[in-house]
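Asker: Please read through the structure below; I'll follow up with questions.
The values are calculated or read from the model by the stated rules, or taken from the named source; none is laboratory data. All values reported here derive from a predicted model rather than from experimental measurement. Here the Cβ is made from the backbone with ideal geometry for all residues, glycine too, and neighbour counts use every protein chain on show. Surface accessibility is based on the protein's heavy atoms, side chains included, excluding ligands, DNA and RNA. Shrake-Rupley method; radii C 1.70, N 1.55, O 1.52, S 1.80 Å.
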Amino acid sequence: MNLQSGEVAIDTNALKGWIDRIKLGDQVAAADLVRHFEPEVRRFVRVRLTDRKMRRFMDSMDVVQSVLGQFFQKILSDRLQ
C-alpha cells in the first residue's frame, strides 16, 4: 500500500464492522471507533488550526468533538456515504 504524506491506512472491514455495530446501538463499538480515530483527527485539526484569533475561541478538541458528533449523527440517521 502506497500512502501519501499525511494519509492514514484504514482497515475498511474493521470500520464497516464498527459502523454496523454502532447502528445497532453498540456503545462499546462507538468508544472503540473514537479511541482508534480521535488521535489522528486531533492531529489533523491541530496542524491546520493555525489562526491565533480562532484558537482563542476554540481548540482542537472542540473541532474533534464536533466532527465526531456529526459523524455519529450521520451513522445513526443512515446518511453516511
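Asker: Share of Cα-Cα pairs in the chain beyond 17 Å, in percent?
Answerer: 54 percent
Asker: How would Phe57, Phe72, Phe44 rank on accessible area, largest to smallest, probe 1.4 Å?
Answerer: Solvent-accessible surface, decreasing: Phe57, Phe44, Phe72.
Asker: A follow-up question, please. Please compute the net charge surrounding Arg55, taking Lys and Arg as +1 and Asp and Glu as -1 over other residues with Cβ under 12 Å from its Cβ.
Answerer: +2
Asker: Given a 1.4 Å probe and the protein chains all in place, what does the accessible area of Val28 round to, in Å² to the nearest 10?
Answerer: Estimated to the nearest 10 Å², Val28 gives 90 Å².
Asker: Also, quick follow-up: Relative to the first principal axis of the alpha-carbon coordinates of the chain, what is the inclination of helix 27-48, with its axis defined by its Cα atoms, in degrees from 0 to 90 and to the nearest 10?
Answerer: For 27-48 against the chain, the angle is about 30 degrees.
Asker: Would you work out what percent of the accessible area of the chain, with all protein chains in place, is carbon or sulfur (probe 1.4 Å)?
Answerer: Roughly 53 percent, rounded to a whole number.
Asker: Let me have the 222 nm mean residue ellipticity of the chain computed from DSSP H runs of 4+ only, each contributing -39500 (n - 2.57), with the sum over all residues rounded to the nearest 500.
Answerer: -23000 deg cm²/dmol
Asker: Okay, next question. Per residue, how many Å² of accessible area does the chain show with a 1.4 Å probe?
Answerer: With the other protein chains kept in place, the chain gives 81 Å² per residue.
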